[in-house]
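J.: One structure, as structure tokens, below. Some questions next.
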Amino acid sequence: MTEPLMDELSLFKRLPELESQLGAEHVKPLLEHLQLLTLQDGEMLLRDRAPVDAFYLVLSGNLRLSVEFGQHTVLLGEIGPGNWVGELGYFSGVPVASSTVTAAGETELARLTYLDFDALLIADSVAVCRLTHGFIQMLMRRLAVTASNPVIDPQGEILLLGDLSVPWTELAQQPHGVIDFLKILLGVH
Amino acid sequence: MLLRNFLRNLPSFQYLSETDVDHVAAAMRVDDYPDGHVFIYQGRLNKDMFLLLDGEVKASHYGDGGRYYTLKVLQPGEIFGLPSLSQGKPALTSCHAIGRVKVASLPFSAYMLLYQPDSDIGCRFQHVIASQLARDLHDRHDALRKLLAQVYGDGGTQGA
């Protein structure tokens, strides 16, 4: 299911917003490390608490995340294009998957290994900086969703309420100005 | 205790250079707090980044069902207060001291300076933030697994 490295055109076709998130000049260094893969509906990408060695970016489709205990699961939610999985294993320093990840419908992904992420840090630290800002937004969103206890839906499935997926507008980082400073300080949106 | 020595020994601060750590330490203020001191109130804007140096801090959440429950008990070396501070939104959790604690705090203005996008120190500081958030989420997922274990109490081998 893994294809060769991505070219710029195919990435742009699938995910034009990535260029605005990273900046046009920072997409090419990232592409040198990305591999394409496609999952069919229901196919598993990661198993909760199994070893993980890469980040995965959703290009199209959706991924469903759940936490497991034996045969029982808590459904955390779904993430869409522009969002990643695998970041917890890298930043927590514990390279195991923190949830089971399966495709919800046919889903295209780009794979970036932790080793390649480290290499990218040396080759293009700005790209890594902007990606890391996106990871921080995703982690905060997932923490917010998991702050509430799960509920049981009418079908008996245990799930968390809330949207796990972070929209593009929140993934890109803009330099802070005085106005931003005052807005955040005062809690104005 | 010298704050910069404490910071240098934290795994997440290994991303920072010696000079970075000196800058962070210089911008932080260390204080002792009594048992029960509330650092962050759920529903209010938090304006400091806190680093627990000694003692324990409980993070709790008042849920929609009217229940108040513990999300996590923080240990020395953990940072708290990040989501509300970073997003400029009301905090989703309350954090209070369990017993006497020693905490270093970084004011919002210094946090914003450190987090400047595309600056060298900003990029490295983001790794510190991401590491703590990942640790928090990792712990939260563990708590969800424990909840499943309590609900089913069967080692998870039986169907729901």
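J.: If the cut-off is 25 Å between C-alpha atoms, which lysines fall inside it for A:LYS13, apart from same-chain ones fewer than 8 positions away?
T.: A:LYS28
J.: Let me ask something else. With label points built 7 Å along Cα→Cβ from the Cα atoms of B:GLN75 and B:SER109, find their separation and express it in nm.
T.: Result for the modelled spin labels: 3.6 nm.
J.: What does the helix-only formula give at 222 nm for chain A: each DSSP H stretch with n ≥ 4 adding -39500 (n - 2.57), the total divided by the residues, and the result rounded to the nearest 500 deg cm²/dmol? Could the numbers behind the result be given before it?
T.: On the way: 8 runs with 71 residues, N = 189.
That calculation yields -10500 deg cm²/dmol at 222 nm.
J.: Near A:PHE55, within a Cβ-to-Cβ distance under 13 Å, what is the net charge of the other residues, with Lys and Arg +1 and Asp and Glu -1? Write out the running numbers ahead of the final one.
T.: Details: positive: A:ARG111; negative: A:ASP53, A:GLU87, A:ASP116, A:ASP118.
Residues close to A:PHE55 contribute a combined charge of -3.
J.: Pairs of lysines 8 or more apart, or on different chains, with alpha carbons under 16 Å: count those in chain B, would you?
T.: Working: B:LYS47/B:LYS89; B:LYS58/B:LYS72; B:LYS58/B:LYS102; B:LYS72/B:LYS146.
Number of lysine pairs found: 4.
J.: PRE reach from A:THR38 (point 7 Å along Cα→Cβ): which of the stretch A:102-118 fall under 18 Å by backbone N?
T.: So the set is A:103-111.
J.: Just how far, in whole angstrom, is the stretch B:87-146 from the stretch A:67-135 if you go by their alpha carbon centroids?
T.: 19 Å
J.: Kindly write out, for the stretch A:153-158 in residue order, the coupling ³J(HN,Hα) from the Karplus curve 6.51 cos²θ - 1.76 cosθ + 1.60 (θ = phi - 60°), rounded to whole Hz, with x marking Gly and Pro.
T.: My calculation for the stretch A:153-158 gives 7, x, 7, x, 7, 8 Hz in order.
J.: OK, next. How many partner chain Cβ atoms sit within 10 Å of a residue's Cβ in peptide A:90-96, on average, as a whole number? Mind dumping the intermediate values first?
T.: Working: counts 4, 12, 11, 6, 3, 0, 1.
The mean count of partner-chain Cβ atoms within 10 Å per residue comes to 5.
J.: Exactly which trypsin sites (Lys or Arg not before Pro) in the stretch B:66-154 are in a DSSP loop and have at most 11 other Cβ atoms within 10 Å?
T.: Numbers: sites: B:ARG67, B:LYS72, B:ARG100, B:LYS102, B:ARG124, B:ARG135, B:ARG140, B:ARG145, B:LYS146; in loops: B:ARG67.
Answer in residue order: B:ARG67.
J.: Another one. What number comes out for the charge environment of A:LEU75, summing +1 per Lys or Arg and -1 per Asp or Glu over other residues with Cβ under 10 Å away? Mind showing how you got there, number by number?
T.: On the way: positive: A:ARG64; negative: A:GLU78, A:ASP153, A:GLU157.
Overall, the nearby charge balance is -2.
J.: Hey, another quick one. Can you list residues whose amide H is under 5 Å from B:ARG100's amide H, if they're 5+ apart or on another chain and H is modeled 1.01 Å from N?
T.: Hits under the 5 Å cutoff: B:ASP35.
J.: Next question, about the same structure. If you take each beta carbon of peptide A:117-130 and count the beta carbons of other chains within 10 angstrom, what is the mean?
T.: Details: counts 0, 0, 0, 0, 3, 0, 0, 0, 4, 3, 0, 3, 10, 4.
Per-residue shielding by partner chains comes out at 2.
J.: Roughly how many debye, to the nearest 20, is the charge dipole of the stretch A:2-186 about its Cα centre, given +1 on each Lys and Arg Cβ, -1 on each Asp and Glu Cβ, and no other charges?
T.: On the way: 11 positive and 24 negative charges, 89 e Å.
The calculated dipole for the stretch A:2-186 is roughly 420 debye.
J.: Next question. Read phi for every residue in the stretch B:86-92 and hand back ³J(HN,Hα) as whole Hz from Karplus 6.51 cos²θ - 1.76 cosθ + 1.60, θ = phi - 60°, with x for Gly and Pro.
T.: Running phi through 6.51 cos²θ - 1.76 cosθ + 1.60 with θ = phi - 60° gives 6, 9, x, 10, x, 5, 8 Hz.
J.: As a check on your grasp of the helix formula, calculate [θ] at 222 nm for chain B: sum -39500 (n - 2.57) over DSSP H runs of n ≥ 4, divide by the residue count, round to the nearest 500. Don't jump to the answer; show the numbers that get you there.
T.: On the way: 5 runs with 62 residues, N = 160.
Counting only the DSSP helices, I get -12000 deg cm²/dmol.
J.: Right, something else. Send over a whole-number figure in Å² for the accessible area per residue of the protein assembly as shown, probe 1.4 Å. Intermediate values should be presented prior to the final figure.
T.: On the way: 15480 Å² over 349 residues.
With all protein chains present, the protein assembly as shown gives 44 Å² per residue.
J.: When the Karplus curve 6.51 cos²θ - 1.76 cosθ + 1.60 is applied with θ = phi - 60°, which whole-Hz ³J(HN,Hα) does each residue of the stretch A:67-80 get, with x for Gly and Pro?
T.: Each residue of the stretch A:67-80 in turn: 9, 10, 9, x, 8, 9, 9, 10, 7, 7, x, 10, 10, x Hz.
J.: Using a 1.4 Å probe on protein heavy atoms only, how many Å² of accessible area do A and B hide from each other, summed over both chains and rounded to 100? Could you put the intermediate results ahead of the total?
T.: Numbers: alone 10380 and 9540 Å², together 15480 Å².
So the buried area, both faces added, is about 4400 Å².
J.: How far apart, in nm, are two points set 7 Å out from the Cα along the Cα-to-Cβ line at B:ALA26 and at A:LEU161?
T.: 4.9 nm
J.: Could I ask something else about it? A:LEU45: net charge of surrounding residues, Cβ under 11 Å, Lys/Arg +1, Asp/Glu -1, itself excluded?
T.: Details: positive: A:ARG47, A:ARG64, A:ARG111; negative: A:GLU43.
Computed value for this residue: +2.
J.: In degrees, nearest 10, range 0 to 90: what is the angle between the Cα axis of helix B:120-152 and the longest Cα principal axis of chain B?
T.: Approximately 10 degrees, to the nearest 10.
The values are calculated or read from the model by the stated rules, or taken from the named source; none is laboratory data. Everything numeric here is computed off the predicted structure, so don't read it as measured data. Here the Cβ is made from the backbone with ideal geometry for all residues, glycine too, and neighbour counts use every protein chain on show. Just the protein is used for accessible areas: all its heavy atoms, side chains included, with ligands, DNA and RNA removed. Shrake-Rupley method; radii C 1.70, N 1.55, O 1.52, S 1.80 Å.
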